[in-house]
């Protein structure tokens, strides 16, 4: 209850013009990046991460929260108007959004998407505010062996969530873990894998890893794709959107029904709590469930607003869900929460069970910003800027990548003012580029890198406490709980047959 | 003889080369980890324990990937088709890598403004062409200047001397 009132009180911080500017700017940048095919809100956050050095950590986290929420919403703009989802989480939105656009109801489809995002985002954030303190309290019961099993569970789930690509996901996680072992050993004063390079003694910084993995590799990917941006611009030039068409009529909202919004939001929220699941899985499951329970399933994929509402409610609710493991256990669920974790780490704040109790005043404003973004910024941005989004999305790609490249490389310099970190960012970018080209999911690399030091520390401590007896992981109840949970997830995600696409020819 | 040549070509398939590299890195990591010392001593876990475990996993995963890729190439027997389907090579990513490398090397020597202007211009040209170069030069100058304003003026980042 105390935490809820703390979040409530944090809304007052948004009255500070400077904080409000950062939150609104973050939301706009997130929306623009998410709506441009080839760019993502993760890239936006990776590029802006170095700038958070000069910001107060609370303000930085509030801006991150608004970018996160915008990232889940912005993808629906091009998904609806030109059938190219700006973000993977909007793939299911395109199934019904684009047919509506072809029927001349594109603006209405965007209105439904915004309403779904608003409801899902707000419900996800409210659930997070209500549940996170209890999870944080429960997480205090997890001791050393349990912490190791929990981290191992997170890595296993992230890997097996990449269905059909598990060996590559496992390999990428191993590369991330290997990179995390470079430098001074955490428990004994010896260096490992530095090969005499003094700059590696302190290990590889998180910043070049994030910038390399998400920004530089993206520039290289786009350079290799040689996408014809003229085609996108041409398709967009045919789209006209009027502001008054955005507002969905009450009858259509009633037809979609409160149950659809709430159920999809809950699905999105719980999917979000799973490491590695992300917005696309949330919207897919919610869409599948909506089609399954609909009395008119054949109307989906042909411009049914209920499909848009389900998809968008779910992917925005993922934001709230994904922050639960990040805030309570220090386990990021997706790339954006991993970067948000980076913001905490570079500001010297250790995420984990103590965070919610010890530094709740830092976290509460971020959650207030999440609610504010969902309830105020989503509808306001669409209404005020909606007609201009199409023009923004048509921006020249060469100029855009020139700006992104500059921000990425100079950004990697900001952390330590050293050329070495810039080189590390380039090395990580090249590595991530070739991994991505070969179908390796780089998110598992990043999470392996982030979770690696703690995984090793808790493994060694657990074994030290039990005189090297590995059975300690089965005899401690907290650890046994996570081992059983891991087995359950392995069964459902890796062994059991997957769900079929709800719209077969979509 | 032709069969041996075909087999050799299969082993040198583009998709396999990267996986060989991953395997070699994993193996190198494992060997270095083993050289760190014994993983256990008097029931105590040593600094090499986790890297050895990790190295074993990595070598296993990378070996599976190499064998799987090799089997899939062999099964599909599309080597000749693959070779003929290779279109015009796209060197843009390599140019981008080179531009970033040169930029990093020049950043502190030449200073922020000149190096950034040339870097942005090179990226713009790589993503488009040399057409309208004057317009692109002006855009690059503006981007470099805006970058300076954002980093140095707004966020207080100390950039290398403005003009070198």
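Annotations
- Shielding of A:212-223 by partner chains, average beta-carbon count, 10 Å: 3
- Inter-label distance, residue A:385 to residue A:184: 4.4 nm, where each label sits 7 Å from its Cα along the C-beta direction.
- Averaged over residues, the count of other Cβ atoms within 10 Å places the peptides A:169-177, A:454-462, A:482-490, A:195-203 in the sequence A:169-177, A:454-462, A:482-490, A:195-203, highest first.
- Shape of the stretch B:92-154, Cα gyration tensor, a/c cut at 1.5: oblate
- Per residue of peptide A:172-178, the mean number of Cβ atoms on other chains within 10 Å of the residue Cβ is 6.
- The mean number of partner chain beta-carbon atoms within 10 angstrom of a residue's beta-carbon across peptide A:96-106 is 0.
- Packing-based ranking, highest mean first, of A:333-343, B:18-28, B:65-75 given that Cβ atoms within 10 Å are counted: A:333-343, B:18-28, B:65-75
- Calculated mean residue ellipticity at 222 nm for the protein assembly as shown: -23000 deg cm²/dmol, from DSSP H runs with n ≥ 4 weighted as -39500 (n - 2.57), summed, divided by the residue count and rounded to 500.
- Helix A:106-139 vs. chain A, principal-axis angle (Cα, 0 to 90°, nearest 10): 30
- Label point of residue B:21 set 7 angstrom out along Cα-Cβ; within the stretch B:93-131, amide nitrogens under 19 Å from it belong to B:93-102.
- Distance between modelled label sites at residue B:71 and residue B:161, nm, 7 Å Cα→Cβ extension: 6.2
- Förster radius 35 Å - calculated FRET efficiency between residue A:437 and residue B:131 (Cβ-Cβ, nearest 0.05): 0.80
- Sorted from greatest to least, the principal axis extents spanned by the alpha carbons of chain A come out as 69, 47, 47 Å.
- Two-decimal Rg to Rh for the stretch A:1-152 - Kirkwood Rh, Cα set: 1.06
- Were the residues from residue B:31 through residue B:141 laid out at 0.36 nm apart, the gain over their Cα-Cα distance would be 34.7 nm.
A short reminder: the numbers here are calculations on the coordinates, not readings from a lab. Being a predicted model, the structure only gives us computed values, none of them experimental. All Cβ positions, glycine included, derive from the backbone under ideal geometry; neighbour counts span all protein chains shown.
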